Structures are given as C-alpha cells and as structure tokens.
Amino acid sequence: MPVLRLPKFGKPVKYAYITGRVRAMKTKLIPNEMYARMLNMDIPEIARYLEETQYKEEIDALAKDYSGAELIEHATFANLAKTYRKLLEVSIDEPQFLILEYLRRWDVWNIKTILRGKFYGASDSEIMKYIVPAGELDREFLEGLAKKDSINDVIAAFEGTDFAEALSKYDGKSLASVENALDKLYYFRMERAVGGTLSVGGGLLLKYVRREIDIKNLITLFRMNKAGIEASIVQENLIPGGKLGEELSRMAGQPYADFVRGLEGYPFWSAISDVATADLDGVSRIEARLKAYLIRYAWSLSNYHPLSILPVLGYIVTKETEVANIRKIVRGKEAGLPNELIEEQMVVA
Amino acid sequence: MAITDAGVMYGLLAVGAGLATGLAGIGAGVGEQGIGAAVVGVVAEEPGFLGKGLFLMLLPETLIIFGLAVSLILMFAWSPFAALL
C-alpha cells in the first residue's frame, strides 16, 4: 500500500473547510433528548420522525421496498455510508488521507460481515443489508464478495492484499481468531501509514485512536474478566498500540472485583464509577458509558485543536453512535423489550 | 534642510505608508483564508449562515483600515513642500 508522506508541519488552515462543514453537519444530528421521545414512539412513528431529519432521502428511496424496522435499518446504514463518503469527497490532501485511514474500519466491518454471513449461510442480499461501503472497498466489490460461494472463495479474493495474512487465520471452525486479527490489522495499518508521517494532524489522529484502543481493550477486559477467562486468552484478544497497553494487559484475568477496584484513578473512571460495581450483572451499561466517554473525549480534544482532524473524528464517532442508537431502539421495539433495557444500551454522550 | 534631503525623506515616508497598507493587507488575507474556507464549509451545509459568515470574514478586514489610517497620516501629516507653497 502506498504511504503518503506528509509535510512535517501540518497547516491548520487546510482543515478550516472540513471542520467548518462537520460542525454544521453536527447541528443536524439527532439531539440527545430526542432518544427518550423515540423510545415512546412505535416503529412507523420513528420512521416518520426520521423522515423529517437527514435520513429523509434514504427513507423515501427505500420505502417502496421495505417497511417497518427493516426500512429504518436499511435507511440508517445507507445514510451512514453516504455521510462518510461525503466527508471523503469534500476533503482534500492531509484531512482526506487521515479520514480515509480512520474509515478503513468499515472495510474491516464489511469483510467481517461477509465472512459471518457466509459462515452462517446467509444469502447475498441478506449480507448486503449490513454492508456499509464507507471505506476503501466499494459496494460493487463487496457485492461480488457476497455473491461468492464459500468463505474460502472470499478469502482467496484478498490474495496479495494486506488482509491476506489476517484472513489466513481462518481455521474452518470459528471466526473469532480472524476477526481479532482483522481488528489488530486495522490499527497496525493506521500506525504504519500515519505514524511515519510526523504530521501534526496525524499525531492528533493517533492520540485519539490510542485512547480508542484503550477503551476497546477495557470493554474486552470487562467482558472477559467478568466471565472469568484465563489471562493468556484475554491478552490474546487485546489490541496492541493503546496508551495504557501494558497496564491493561496486566489486568487480564484478574478477579472481577479486584479489576474494577484497580481502575479507580484512570481518566475514564468518572464515566463509569457509578455503574462499575463488583456485583453488576451485565457489562453493557459500562460499555455504553465508555463509548460515550470516548465521544466526549474526541470533542473535548477538538476544543484544544479546533482546526485539526479531531472535530471530524468527533463527528464520525457521533454519527456512528446515532445510527447505532436508532437501530437499538428499533430492534428493541421490534423484539418487545422494555424501554429501560433499551435505554441502558444506548450511548448518549 | 536641503531640498534633496527633504525629497529623500518624503520618499521614505511614501515607502513606509505603502508598507503600512500593504502588510496590513497581507495579514488580513492570511487571517481571512481560514475564515473564508470555514465559512464556505458551513454555508455548504447551512445556506442561512451566509450573512453571519460574511460578517466574520470581514473582521480581519478592519486591520487594513488601521494600516490605511497610518498611511494617510504619514502621507499628509508632513510635507517637505509645505514651505514652498
């Protein structure tokens, strides 16, 4: 993969256009207080509400093929992909390079989705429902992959690319090791592409991404320590490259109560202090809080660096969370879950 | 004061006056490039912001007025030819 060499001193003025634009786009996101109201609507009402927001175009276009929860699921993913593609289209130079590097996570997401779909024998149209072509791999290519007969055919299509090594970990029995390797590959590639450039913008991207890795690892630790899984297995699942990498790796396999006590004093502790008690049944509430913390972190960093990649990153994660929240509400409603349970899972920064 | 010295001095004054306006203009331009780009970005999403955006864009323009005022003072406050008139 070609690596773009960026100048040592990034000019903040390059970011003026894209940051102005994402800040305006941010005002069009669904306000936090709307989620509580959406919880009290039924699915057609939610669809009607979304028609008044930025999702209008997708809802209108897909309304003839789908209805109910399916319509909203399709429309939100279509809108997400469109929004991210737009960010790439309206930026140039260093911001575009960094945005693409960050959005490559959707390539990983799409490959994972296709592998999972093939693993469980889903049809190609079923798989395409969950595809978000926001990264480098475009819809046509992904559609071609989804139409392939088996997982091995999909893996063969990536021969000669960066993904080949991670995909070779597939053992025919489970996807866990491949998915883990793909996640690690994403962060490794970003470090390689951005880390070598020494640009100020790239440094800020990595600063945020390192915190993101920490939070992801922390969520893994919460889940696995809660389940009482052995330290070596937990460590295998941690993503290297985080700022607190070694400290978190030492926490692997600790008894849950000790692990939670050990987290006091970290910057993210205030976000979870009231829900992270030793006797908590599920970790989903902690997960939601940690994700909300990450969004707040991105926006608070962007206050210090207003003309940088950080407001764009803040927007990207906020938008992703918004789509995830809408889908959680809709799916929860469809399954008849109580509102409190849905609310617990939602990420509100 | 010899008339030639006065001429040189007046010439230098004119250069100073030019620099005052010129450098102020360059400074305002540097300031405006970022604001202009950001305003265009916002207006692309929200056309209603155009009025406010233009106002923000014109803020650095006030610096040129300072420069211009200094130039005018330099040019008209003293003239070596005043005695000749």
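Remark: for residue pairs A:Lys28/A:Lys86; A:Lys56/A:Lys82; A:Lys56/A:Lys118; A:Lys112/A:Lys148; A:Lys26/A:Lys333, the C-alpha separation exceeds 22 Å in A:Lys56/A:Lys118; A:Lys26/A:Lys333.
State in Å² the accessible area per residue of the range A:128-202; use a 1.4 Å probe, count heavy atoms of protein chains only, and round to the nearest integer. Per-residue accessible area for the range A:128-202 comes out at 47 Å².
Relative to the longest principal axis of the Cα atoms of chain B, the long axis of helix B:61-77 makes an angle of roughly 10 degrees. On chain A, 52 percent of the accessible area sits on carbon and sulfur atoms, based on a 1.4 Å probe. With K and R counted +1 and D and E -1, the other residues having a Cβ less than 10 Å from that of A:Arg210 yield a net charge of 0. Using heavy atoms of the protein chains and a probe of 1.4 Å, the accessible area assigned to A:Glu247 is about 70 Å². Axis of helix B:3-45 versus longest Cα principal axis of chain B: the two differ by about 0°, to the nearest ten degrees.
Please tell me the relative contact order of the range A:260-349 in percent, rounded to the nearest whole number, where contacts are Cα pairs under 8 Å and at least six residues apart. Answer for the range A:260-349 is 31 percent.
Our Cα-only numbers for chain A put the radius of gyration and Dmax at 20.3, 54 Å. In the protein assembly as shown, the DSSP-assigned H stretches of four residues or longer account for a calculated mean residue ellipticity at 222 nm of -22500 deg cm²/dmol, using -39500 (n - 2.57) per stretch and the full residue count as denominator. The heavy atoms of A:Glu264 offer some 110 square angstrom of accessible surface to a 1.4 angstrom probe. With protein chains left intact and a 1.4 Å probe, residues in the range B:18-76 average 60 Å² of accessible area per residue. Our analysis of the range A:59-191 gives Rg over Rh at 0.99, with the two radii drawn from alpha carbon positions and Rh computed by the Kirkwood formula. Reported to the nearest whole Å, the Cα centre-to-centre distance from the range B:24-71 to the range A:128-144 is 41.
With a 1.4 Å probe and every protein chain kept in, tell me what percent of the accessible surface of the range B:18-76 is carbon plus sulfur. C and S atoms contribute 84 percent here.
All other residues whose Cβ lies under 13 angstrom from that of A:Leu87 are scored, Lys and Arg at +1 and Asp and Glu at -1, for a net of +3. When the surface is traced with a 1.4 Å probe over the full set of protein chains, A:Glu344 keeps roughly 70 Å² accessible. Dipole of chain A computed with +1 at Lys/Arg Cβ and -1 at Asp/Glu Cβ about the Cα centre; of A:Leu167, A:Leu62, A:Val200, farthest Cα towards the positive end is A:Val200. Comparing the full protein assembly with the isolated chain (1.4 Å probe, heavy atoms, ligands and nucleic acids excluded), the residues of the range B:38-53 losing at least 10 square angstrom of accessible area are B:Ala38, B:Val40, B:Gly41, B:Val42, B:Ala44, B:Glu45, B:Glu46.
Both radii were evaluated on the Cα set of the range B:18-76; the Rg over Rh quotient, with Rh as the Kirkwood radius, amounts to 1.15. Averaging the Cα positions of each part gives two centres, and for the range A:84-127 and the range A:213-266 these lie 28 Å apart. Here the spin labels are modelled as points 7 Å beyond Cα on the Cα-Cβ line, and at B:Ala77 and B:Glu46 they lie 4.4 nm apart.
Remark: relative contact order (chain A) = 22 percent; criterion is Cα-Cα distance under 8 angstrom and separation of 6 or more residues.
Chains A and B together bury roughly 800 Å² of accessible area, counting both sides, with a 1.4 Å probe on protein heavy atoms only. A Cβ-based charge dipole, computed about the Cα centre of the protein assembly as shown with Lys and Arg at +1 and Asp and Glu at -1, lands at about 680 debye.
Dimensions of the range A:245-295 along the principal axes, based on C-alpha atoms and rounded to the nearest Å, stand at 25, 24, 16, largest first. The C-alpha atoms of the range A:167-287 occupy a region whose extents along the principal axes are 45, 41, 23 Å, arranged from largest to smallest.
The values are calculated or read from the model by the stated rules, or taken from the named source; none is laboratory data. Being a predicted model, the structure only gives us computed values, none of them experimental. Heads up, the Cβs are rebuilt from the backbone with ideal geometry, glycines too, and the neighbour counts pull from every protein chain shown. Heavy atoms of the whole protein, side chains included, go into the accessibility calculation; ligands, DNA and RNA do not. Shrake-Rupley method; radii C 1.70, N 1.55, O 1.52, S 1.80 Å.
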